[in-house]
1. Whole-Hz ³J(HN,Hα) for each residue in the range 130-139, computed from phi via Karplus 6.51 cos²θ - 1.76 cosθ + 1.60 with θ = phi - 60°, x for glycine and proline: what do you get?
2. Using modelled backbone amide H atoms (1.01 Å from N, in-plane), which distant-in-sequence or interchain residues come within less than 5 Å of G49's amide H?
3. Under a 10 Å cutoff between Cα atoms, tell me which one of V102, V29, V17 has the largest fluctuation in the Gaussian network model of the chain.
4. Subtracting the Cα-Cα distance from 0.36 nm times the residue separation, let me have the gained length for E12 to A52 in nm, one decimal.
5. Expressed as a rounded percentage, what relative contact order does the range 72-173 have, with Cα pairs under 8 Å and six or more residues apart?
6. Tell me, what HN-Hα J-couplings in whole Hz come from the Karplus equation 6.51 cos²θ - 1.76 cosθ + 1.60 at θ = phi - 60° for each residue of the range 22-36, using x for Gly and Pro?
7. Express in Å², to the nearest 10, the accessible area of L101 obtained by rolling a 1.4 Å probe over the protein heavy atoms while all chains stay in place.
8. Sort T143, T164 by accessible area with a 1.4 Å probe, largest first.
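The values are calculated or read from the model by the stated rules, or taken from the named source; none is laboratory data. Bear in mind that the values here come from a model prediction, so they are computed numbers and not experimental data. Here the Cβ positions follow ideal geometry from the backbone for every residue, glycine too, while neighbour counts run over all protein chains shown. Note: areas computed on protein heavy atoms with side chains; ligands, DNA, RNA excluded. Shrake-Rupley method; radii C 1.70, N 1.55, O 1.52, S 1.80 Å.
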Amino acid sequence: MLAASPQVSDEEVAGEVAKLASYVVFLIVSAGLYVAAIGLPVSRWEPLGAGAFPKLVMGLLAALCLVAIFLSARRLSRWGLPTGWAARIRALAFSHRLVILVFLAFGLYLAGLRTLGFSIATFLFLLVAQLIAAPRDRRTIVTALLVAIVFSFGLNWLFAEGFTVFLPRGLLG
């Protein structure tokens, strides 16, 4: 039941809150990628350089996210908050905890990729993601270790030896 407007259901308000949260996440990611694109090298022959297109795309995405955040916040302020919204957000976070944990692990993976290198960072991410998602017994832990080793160090070896493409080396560098 809504505190302010009876014609809007709690589900519609919850959906709008979820959209608002996604707009904020996309704004943060696009701003971070824009900042990363600033560091791309400038071309001597082309007036725009390598970073022009990523900066343009991320700038436009950030602008669209700002507009969407404004419109969503205005809509929510007109509707009011549903009763018990804090408990519903906690219940939503609890029911989607595995997805949230895997996304957090992926964010840490991306943050540590350059420092740790592809092999170590991928090994840790795959191991953690599998342990989050799978039941923890001896058999699944051994399987998770084998999969993490093959798909981290094995892929690094395949790219280096088979394709002559070197992935970030980090600590192994």
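1. Running phi through 6.51 cos²θ - 1.76 cosθ + 1.60 with θ = phi - 60° gives 5, 6, 5, 8, 9, x, 9, 9, 4, 5 Hz.
2. Here S43 satisfy the definition.
3. With Cα springs under 10 Å in the chain, the top fluctuation among V102, V29, V17 is at V29.
4. 10.5 nm
5. Once divided by the residue count of the range 72-173, the mean separation gives 30 percent.
6. Along the range 22-36, the couplings run 5, 4, 5, 4, 4, 5, 5, 5, 5, 5, x, 5, 4, 5, 5 Hz.
7. 80 Å²
8. Final ranking, largest accessible area leading: T164, T143.
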